[in-house]
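Worksheet: one structure, shown below.
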Amino acid sequence: MKWVTWENIGVDRMACAWLIRRFIDPSAEFLFIPAGQHPLPEGAEPFDIPGVRLSHRRSRSSFHTMLQEYELQEAVLGRIAQIVDEADTTQEVMVEPAAPGLDLICRGIRLTSPSDEAALERGGLVYEALYAQLTADPRS
């Protein structure tokens, strides 16, 4: 399946792409379009674009929305959703100490990657490592 999002991916879009490939669509293909481009490419599922089904809801990240839409209820994914929520959206209270660091790392990945595809691959390694650590030690 093809998935589409805006170019210059960051913490939430990297997380969503990792989630898609890891738990929803292992053979996913990603298209990156300029912010605000309309119409969206036909035949591709849009994510983390305002106004689409798989986007922010009630101050929650698109990653969080995907967990709900695809009924992914694993506790570790819920914890990652909380971290991504805090890293990507304005929060009155921060309870996840990893959130600012995750955002900083993802911004650095974007800056050092020659393309969104490369940033997606590099970011996927970060999310896979986060998932492994939280699975091994949920109190992390």
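The numbers here are math on the coordinates, done by the rules we state, and not lab data. Computed from a predicted model, the values in this text were never measured in an experiment. Here Cβ is always computed from backbone atoms with ideal geometry, including for glycine, and neighbour counts include all displayed protein chains.
Worth pointing out:
- Once the gyration tensor of the Cα atoms in segment 37-84 is diagonalised, the equivalent ellipsoid follows with semi-axes of 23, 12, 7 Å, ordered largest first.
- Filtered chymotrypsin sites (Phe, Trp or Tyr not before Pro), segment 26-91: DSSP coil and at most 15 other beta carbons within 10 Å: Tyr70
- Sorted by Cβ density within 10 Å, fewest first, the residues Ser61, Ser55, Ser113: Ser113, Ser55, Ser61
- Ratio of Rg to Rh for segment 1-61: 0.93 [Cα atoms; Kirkwood radius as inverse mean 1/r over pairs].
- Here the sum of -39500 (n - 2.57) over DSSP H runs of 4 or more residues, divided by the residues of the chain, equals -15500 deg cm²/dmol at 222 nm, to the nearest 500.
- Summarised in one figure, the compactness ratio Rg/Rh of the chain, Cα atoms and Kirkwood Rh, is 0.94.
- Taking only Cα atoms of segment 96-138, radius of gyration then Dmax in Å: 11.3, 34
- What the phi angles of segment 118-133 give under the Karplus curve with 6.51, -1.76 and 1.60, with θ = phi - 60°, is a coupling list of 5, 4, 4, 5, 5, x, x, 5, 5, 5, 5, 5, 4, 4, 4, 5 Hz, glycine and proline written as x.
- Applying the criteria of a DSSP loop state and at most 13 other Cβ atoms within 10 Å to the trypsin sites (Lys or Arg not before Pro) of segment 66-140 yields Arg139.
- For segment 24-63, trypsin sites (Lys or Arg not before Pro) meeting the loop criterion (DSSP other than H, G, I, E, B) and having at most 13 other Cβ atoms within 10 Å: Arg53, Arg58.
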